[in-house]
Amino acid sequence: MRAELIRAKHRQAIELMPEHGVDCWLVQFARETGLRPDPLGYLVGAAVTWPSAFLLNKDGRTAAVVATGDAGTFEELGVWDELRTYVASASDDTADGITHGMYRLLESLLAGTKFAPRLVPAGELAGRVRAVKLPPEIEGIGRAVKLTEQLLERMEQRIELGLTERGLQEEVHSWVREAGWRFSWDEEICPMVNFGQPAFVGHAAPTDRELRPGDVVHVDVGLIVDGFASDLQRTWYWRRPGETEAPADVRRTFEAVRAALDAGVAAIRPGAKGYEVDAASRSTVAEWDFPEPAFAFGHGCGQVAHDGGGVLGPRWERYGDRPEVPIEEGNVFAVEMDLSVPEEGGLVGLEEEVVVGPGGARYLSDPQRELKLLG
C-alpha cells in the first residue's frame, strides 16, 4: 500500500512538472531526515542518515542517490527506478542545523557544471503535490477523521461535573496511547479543552478548572492514524438545574458559528481562491454581529493537521500569498469557526474536514448541526 502510493505520487508530480517548467525535480537533498521528517510527504519513502538526493525526471524516470548505509531500506522499498549508492564519509550533521547548509553543499557540488545556473525553486510544484490528495490519501484522512469522531463520542460519555480540563485531557492521552495512535499536534495542547470561559484564547493547554453547571464545553482534537491526520472541534452545553435548553446567547452563538461554517463550505469549489472562501465565512460572522475572527477559515489537512498548500484565509501579511492559491480537486481542508459567547461566556467552536470535488466540497466528517446538551 505505501509503495503503491509513493509511485502514484511520483506519477502525479511528473505530470505536473511541465506546467511549472521543471525538467528535473530534486525532491529532497538532505541528511539525518529521521530527525527532520520529509516535508513533502509520500515522495521519498523513508528516512536517510547520510547526504542523499532524490530526483524525478519529466520523462518519467526516477532516481535516488544514497549512501551504502541507507541503500538496503530503499532497495526493499523498490519505488525508485534507479538507485545509486556511494560509500559514505564521516560527517558531522550537528554543524548543519538548517537546510541552507545543504543548499550550499549542493551549490558546491554543481559548481562549474551546466546544471549550476539551472537551479530554480520548486516550492509551487511541491505545494501542489502535497495539497492535491490521491484517492488512497483521502481514504486515509477519512479513516483518521472517523476514529477521531469515535474518540469525541467517548469524551462526551466521560464528561461529568467536577472533572477538570486537565483531567479529561490526561484520560484522552491514555486512550490514544493504548490505541497506538498519535496526536496531530503537540500533545501538551491536544486535545484543547475549555470548560466555560477559556483562560487563554487560542492554542493553550487545559487548566485545573472543574466543569460546572452552565458551562459551555469546547474540545479541539486531532489524531494521526497510519500516517494521516485529522483536526476536529465539537461543542456541548452542561445544563443548570431546571434548564431544558441552553441560554439564548449560547444558542445564538452556536447558530452563528454554524452559519459561518456553512457559508464558507458553500464557497469552496475548484478555481476559487482561498481568500474568497474566507470572505464568505467572515461576512456571515459580521451579519450575525460578532467580532471579526482573528484566524483563517481553513487550512490543508493531510499527513499533519496543517499540511501546507493554500490557505482559506484573508489577505493578511502573515499568510503571504497562500490565500491566492487556487483551490483544486483533491484538496482536503479543515474548516473551522470559533466565536465567544457574549454574556454567558465560553467558546463555541466547530471544525470539520472536507474534500474538494468537481462540484464543490464534500464532508469527510459528520458535521455537528445541533448544540448537544449534557447533564
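The values are calculated or read from the model by the stated rules, or taken from the named source; none is laboratory data. What you are looking at is a predicted structure, and each value in this text was computed from that prediction instead of being measured. Neighbour counts are summed over all protein chains in view; Cβ atoms, including those assigned to glycine, are modelled from backbone coordinates with ideal geometry. The accessibility values were calculated without ligands, DNA or RNA, using every heavy atom of the protein model including side chains. Shrake-Rupley method; radii C 1.70, N 1.55, O 1.52, S 1.80 Å.
Name every residue in the range 318-329 that is open to solvent by 10 Å² or more (accessible area, probe 1.4 Å) and either in contact (Cβ under 8 Å) with a residue 12 or more places away in the chain or among the aliphatic types (A, V, I, L, M) (or both), in order of residue number. Explain how you work it out, then say what you get.
Keep residues of the range 318-329 that are open to solvent by 10 Å² or more (accessible area, probe 1.4 Å), which gives 318-322, 324-326, 328-329.
Once the filter is applied, which keeps residues that are open to solvent by 10 Å² or more (accessible area, probe 1.4 Å) and either in contact (Cβ under 8 Å) with a residue 12 or more places away in the chain or among the aliphatic types (A, V, I, L, M) (or both), the range 318-329 yields 319, 322, 324, 325, 326, 328, 329.
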Which of the residues that make up the range 119-136 are in contact with a Gly (Cβ under 9 Å, 6 or more places away or on another chain), within 13 Å of residue 308 (Cβ to Cβ) and not β-branched (Val, Ile, Thr)?
126, 127, 128, 130, 131, 133
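Tell me the residue from 349, 357, 313 that is open to solvent by less than 70 Å² (accessible area, probe 1.4 Å) and more than 28 Å from residue 252 (Cβ to Cβ), please.
Working: 349 fails: more than 28 Å from residue 252 (Cβ to Cβ); 313 fails: more than 28 Å from residue 252 (Cβ to Cβ).
Answer to the check: 357.
Is at least one residue of the range 138-145 more than 30 Å from residue 358 (Cβ to Cβ), part of a helix (DSSP H, G or I) and touching a residue at least 12 places away in the same chain (Cβ under 8 Å)?
no
Can you find a residue that is at pLDDT below 80 and either among the β-branched types (Val, Ile, Thr) or closer than 22 Å to residue 304 by Cβ (or both) anywhere in the range 106-118? Spell out how you get there, then give the answer.
Taking the range 106-118 and keeping what is at pLDDT below 80, we get none.
There is no residue in the range 106-118 that is at pLDDT below 80 and either among the β-branched types (Val, Ile, Thr) or closer than 22 Å to residue 304 by Cβ (or both).
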Taking the condition of being without any contact (Cβ under 8 Å) to a residue 60 or more places away in the chain and either open to solvent by less than 10 Å² (accessible area, probe 1.4 Å) or part of a helix (DSSP H, G or I) (or both), how many residues in the range 147-162 meet it?
5
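Return the residues of the range 15-44 that are modelled with pLDDT of 85 or more and under 26 Å from residue 86 (Cα atoms); say none if nothing qualifies.
Keep residues of the range 15-44 that are modelled with pLDDT of 85 or more, which gives 15-29, 43-44.
23, 24, 25, 26, 27, 28, 29, 43, 44 - these are the residues of the range 15-44 that are modelled with pLDDT of 85 or more and under 26 Å from residue 86 (Cα atoms).
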Hey, which of the strands (runs of 3 or more DSSP E) in the range 163-264, taking only ones fully inside, have at least 2 residues that are in contact with a Cys (Cβ under 7 Å, 6 or more places away or on another chain) and not hydroxyl-bearing (Ser, Thr, Tyr)?
none
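Give the residues of the range 52-84 that are closer than 14 Å to residue 31 by Cα, open to solvent by 30 Å² or more (accessible area, probe 1.4 Å) and at pLDDT 80 or above, sorted by residue number.
Taking the range 52-84 as the starting set, the residues that turn out to be closer than 14 Å to residue 31 by Cα are 52-54, 64-71.
Now narrow it down to the ones that are open to solvent by 30 Å² or more (accessible area, probe 1.4 Å): 65, 68-69.
Selection gives 65 alone.
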Quick one: residue 194 ticks every box in (1) surrounded by 17 or more Cβ atoms within 10 Å (Cβ to Cβ); (2) free of Cβ contacts under 8 Å to residues at least 12 places away in the same chain bar one, so which box is it?
(2)
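Please tell me if residue 292 is of a type in the set (Asp, Glu) and under 29 Å from residue 128 (Cβ atoms).
Values: of a type in the set (Asp, Glu): yes; under 29 Å from residue 128 (Cβ atoms): no.
Spelling it out, it is not the case that residue 292 is of a type in the set (Asp, Glu) and under 29 Å from residue 128 (Cβ atoms).
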Looking at the range 291-349 only, could you name the residues that are modelled with pLDDT of 95 or more, of a type in the set (Phe, Trp, Tyr) and not in a loop (DSSP other than H, G, I, E, B)?
333
